[in-house]
Amino acid sequence: MLVINDKEFNDPLSVQDALKALGLENKKVIAGKFNGELFDLSRELDANGTLEAVSLDSPEGLEVLRHSTAHLMAQAVLRLYPGSHFGVGPAIKDGFYYDIDVAGSTLTEEDLPKIEAEMRKISGAGEKVTREDMSKEDALKFFAGDPYKTELISEIDAPTVSVYKQGEYADLCRGPHVPDASKIHNFKLLSIAGAYWRGDEKNKMLTRIYGTAFATPDELKAYIKRLEEAKLRDHRKLGKDLDLFSLHEEGPGFPFFHPKGMAIMNTLINLWRREHMKRGYVEIKTPQILDRELWMTSGHWDHYRDNMYFTEIDEKPYAIKPMNCPGSILVYKTQLRSYRDLPMRLAELGCVHRHERSGVLHGLMRVRCFTQDDAHTYIEHSQIKDEVTRIMELDKYFYTDVFGFKYTVELSTRPEDSMGSDEQWETAEAALRDALESTNTPYTINPGDGAFYGPKIDFHLEDCIGRTWQCGTIQLDFQMPGRFGVTYIGEDGAEHTPVLLHRVVFGSVERFMGILIEHYAGAFPFWLAPVQIKIITIAKDHADYAHELQDKFMNLNLRSEIDERDEKLGRKIRDAQLQKVPYMLVVGDKEKANHTVGVRERSKGDLGSMTLDEFQKVLAQEFDPIK
């Protein structure tokens, strides 16, 4: 006899039959969750437990749908290109992909409609999806001749594996999947890219097809619209069009910033410095290259060295820093510290280098060198809650008050690859949880995603088209201070080990700038715009007055440019609009004679003639967090 959800059953039964008997079945249900594990509807239940229905429109249901759509796509590719082999095809955020060794053809994006059409044929036919558990030996025989599946099977540390079949297609997979292809309707293939097998550049390059699937056609339509909007906001294109930065083959992953890009970056940094000084931080600067022994002590050598660059000086090994924390610790240790010195907040705009594979580099979002707006705060254990609360308030100021982002918060817990005892991790996680709950901050748990030295609070910003970006983090570290012998003299006169808080606000200043370019579609708010005012002359005779105005704006710390080209006025105004300049000032004979300017605002158009004092009053109404 089985007991499921307190109801008794005489014989083993399928998930679908159990859901029906429990009154949990409906048209939207595509899987079950038995004792916390996702199951196919056809999977047999032969033990007691708790069963939940997984609906198509739930996060878990969408994951099942998207994974099943990846299999549907693979079957379509196999029909169109017989003899193809398949790598991995997981569900990912907002969609799925599949890595494919396509037989006898090189796929391009022009081939995607043909694959989509074949997918719809299979879906319309309601191709059944079945699961079969096989021994490893049988699975190796079944997939004989498939180098990718046999490699994966040979590495599985279990006596059996599960295989999913639909028509002529079969895949090694844990599942679960939809019961048949007719459940899959609202999908779209999006793009094609190259991907090395298992991410290793020494392996064969496979074809990666990206796609997405949703529960309803309206959700799919809205997502495609967001993608189209995102293309228009692509920071790489806008960075080039607005002359902000460039990328070069001579330095892949190392962006080059132009004067206008530096104007934005310096404005962000000026704001960052001002707000940190107000909150009791002091700024330091530490070297780019440090002795390898330092990174062995910190734990980076054991946990992070694959992402580091190394060099030698006088035949001695050094590392180019991927993090700023060890340098901060050396600064702390230059003096004997007292409990009266704590919290000690050492901030650093540190340039760090991290090895990223060429295939994942992406504009300013994924680079090999960036400026990390770090701070390391040394505190007593009793100060954890207050200091974490102060950092969260700082984050809120930047994200919401300055830039208008909504954001969500995650508590990331101990990863498998970690340092320290169970007790230390439990204490650290409890301390961060206490800080979040005492401030009534909504949060979710992200299990296993903490840093190797401690748990963390992560901040995910939502931009104006609904995309999320992980930026800020607060990491609580009980490990590194002890490894480096960091101490302070307590009120009792004895030596104690401080707690170390690692935190960033922007994360990477370069990446944050890329996020802002896309968030604002290049139309930066007045205070952040690289060129705030474009002075446009009607004729050559007006250039001297334009330069006189520019000198006045320079004294007011306003960034301006003059367009004195021998072009028609309409062309000059249109070019300034394309450069997304907030204000355009047209000057001609009348303006020069009356010491006025013809004011145009990029979204409102012509604001009329004004004196310089009147124009300054207009500018005074603009939001400026650095005033």
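The values are calculated or read from the model by the stated rules, or taken from the named source; none is laboratory data. Remember, it's a predicted structure, so these values are computed and weren't measured experimentally. Cβ placement follows ideal geometry from the backbone for every residue including glycine, while neighbour counts extend to all protein chains displayed.
Please verify whether LEU206 is of a type in the set (A, V, I, L, M, F, W, C) and closer than 25 Å to ARG120 by Cβ, treating the condition exactly as stated.
Working: of a type in the set (A, V, I, L, M, F, W, C): yes; closer than 25 Å to ARG120 by Cβ: yes.
When the stated conditions are applied, LEU206 passes them.
What residue, among those in the stretch 580-593 that are surrounded by fewer than 19 Cβ atoms within 10 Å (Cβ to Cβ) and touching a strand residue (DSSP E or B) at 6+ places or on another chain (Cβ under 8 Å), is farthest from LEU238 (Cα to Cα)?
LYS590
Out of all the residues in the stretch 149-167, is one or more under 18 Å from TYR210 (Cα atoms), of a type in the set (Lys, Arg) and not in a loop (DSSP other than H, G, I, E, B)?
No; the residues of the stretch 149-167 include none that is under 18 Å from TYR210 (Cα atoms), of a type in the set (Lys, Arg) and not in a loop (DSSP other than H, G, I, E, B).
Are any of the residues in the stretch 249-265 closer than 28 Å to GLN475 by Cα and either among the hydroxyl-bearing types (Ser, Thr, Tyr) or loosely packed, with under 13 Cβ neighbours inside 10 Å (or both)?
Taking every residue of the stretch 249-265 in turn, none turns out to be closer than 28 Å to GLN475 by Cα and either among the hydroxyl-bearing types (Ser, Thr, Tyr) or loosely packed, with under 13 Cβ neighbours inside 10 Å (or both).
Check GLY175, GLY239, GLY211 and return the single one that is part of a loop (DSSP other than H, G, I, E, B), touching a residue at least 40 places away in the same chain (Cβ under 8 Å), in contact with a Phe, Trp or Tyr (Cβ under 7 Å, 6 or more places away or on another chain) and surrounded by 13 or more Cβ atoms within 10 Å (Cβ to Cβ).
GLY175
Would you point out the residue of the stretch 195-208, among those that are assigned to a strand (DSSP E or B) and modelled with pLDDT of 90 or more, that is farthest from LEU38 (Cα to Cα)?
Step by step, filter the stretch 195-208, then rank; the result is MET205.
Considering each of THR537, THR468, THR497 in turn, give the residue that is in the same structural domain as PHE452 (by TED's automatic domain parsing) and over 30 Å from ASP234 (Cβ atoms).
Step by step, each of THR537, THR468, THR497 is checked, and only THR497 is in the same structural domain as PHE452 (by TED's automatic domain parsing) and over 30 Å from ASP234 (Cβ atoms).
Could you list, in sequence order, the residues of the stretch 93-110 that are surrounded by 13 or more Cβ atoms within 10 Å (Cβ to Cβ) and either out of contact with any Ser or Thr (no Cβ under 8 Å at 6 or more places or on another chain) or in a strand (DSSP E or B) (or both)?
Selection gives GLY95, PHE96, TYR97, TYR98, ASP99, ILE100, ASP101.
Just to be sure before I move on: is LYS121 at pLDDT 95 or above and surrounded by fewer than 16 Cβ atoms within 10 Å (Cβ to Cβ) in the structure I sent?
Yes; evaluated as a whole, the condition is true for this residue.
So, in the stretch 517-559, exactly how many residues are over 20 Å from LEU569 (Cβ atoms) and either touching an Asp or Glu at 6+ places or on another chain (Cβ under 8 Å) or of a type in the set (Val, Ile, Thr) (or both)? I'd like the intermediate steps shown before the answer.
From the stretch 517-559, those over 20 Å from LEU569 (Cβ atoms) are 517-530, 532, 551-559; that's our starting set.
When the remaining residues are screened for being either touching an Asp or Glu at 6+ places or on another chain (Cβ under 8 Å) or of a type in the set (Val, Ile, Thr) (or both), the result is 517-519, 522, 525-527.
Result for the stretch 517-559: 7.
Give me the pairs: first residue in the stretch 605-627 and more than 14 Å from LEU585 (Cβ to Cβ), second residue assigned to a helix (DSSP H, G or I) and among the acidic types (Asp, Glu), beta-carbon distance under 9 Å, and six or more apart or on different chains, which are they?
Close Cβ pairs (under 9 Å, with a partner that is assigned to a helix (DSSP H, G or I) and among the acidic types (Asp, Glu)) amount to PRO625/GLU275; PRO625/ASP401.
Tally time: how many residues in the stretch 262-312 are over 27 Å from the mean Cα position of the chain (by Cα), among the small types (Gly, Ala, Ser) and modelled with pLDDT under 95?
0
So which of PRO147, PRO113, PRO90 ends up being loosely packed, with under 12 Cβ neighbours inside 10 Å and not hydrophobic (A, V, I, L, M, F, W, C)?
Matching residue, one of PRO147, PRO113, PRO90: PRO113.
What tally of residues in the stretch 447-467 results from selecting those that are loosely packed, with under 15 Cβ neighbours inside 10 Å and within 28 Å of TYR304 (Cβ to Cβ)?
Of the residues in the stretch 447-467, 2 are loosely packed, with under 15 Cβ neighbours inside 10 Å and within 28 Å of TYR304 (Cβ to Cβ).
Only one of these is in contact with a Gly (Cβ under 8 Å, 6 or more places away or on another chain) and not in a helix (DSSP H, G or I): PHE254, PHE187. Name it.
That would be PHE187, the only listed residue that is in contact with a Gly (Cβ under 8 Å, 6 or more places away or on another chain) and not in a helix (DSSP H, G or I).
Could you list, in sequence order, all residues of the stretch 474-496 that are under 19 Å from THR427 (Cα atoms) and either touching a Ser or Thr at 6+ places or on another chain (Cβ under 8 Å) or of a type in the set (Gly, Ala, Ser) (or both)?
Once the filter is applied, which keeps residues that are under 19 Å from THR427 (Cα atoms) and either touching a Ser or Thr at 6+ places or on another chain (Cβ under 8 Å) or of a type in the set (Gly, Ala, Ser) (or both), the stretch 474-496 yields PHE478, MET480, PRO481, GLY482, ARG483, HIS496.
LEU244 versus (1) of a type in the set (A, V, I, L, M); (2) modelled with pLDDT under 95; (3) under 25 Å from GLU518 (Cα atoms): which is the lone unmet condition?
Only one criterion in (1) of a type in the set (A, V, I, L, M); (2) modelled with pLDDT under 95; (3) under 25 Å from GLU518 (Cα atoms) is unmet by LEU244, namely (2).
Say whether the condition of being aliphatic (A, V, I, L, M), part of a helix (DSSP H, G or I) and in contact with a helix residue (DSSP H, G or I) (Cβ under 7 Å, 6 or more places away or on another chain) is met by at least one residue in the stretch 512-529.
Within the stretch 512-529, one or more residues are aliphatic (A, V, I, L, M), part of a helix (DSSP H, G or I) and in contact with a helix residue (DSSP H, G or I) (Cβ under 7 Å, 6 or more places away or on another chain).
What's the number of the condition ASP218 fails, among (1) acidic (Asp, Glu); (2) crowded, with 18+ Cβ neighbours inside 10 Å; (3) modelled with pLDDT of 95 or more?
(2)
For residues in the stretch 46-63 being in contact (Cβ under 8 Å) with a residue 60 or more places away in the chain and of a type outside the set (A, V, I, L, M, F, W, C), which is surrounded by the most Cβ atoms within 10 Å (Cβ to Cβ)?
GLY61
Which residue out of ARG43, ARG66 is outside the structural domain of GLY89 (by TED's automatic domain parsing), in contact with a strand residue (DSSP E or B) (Cβ under 8 Å, 6 or more places away or on another chain) and surrounded by 15 or more Cβ atoms within 10 Å (Cβ to Cβ)?
ARG43
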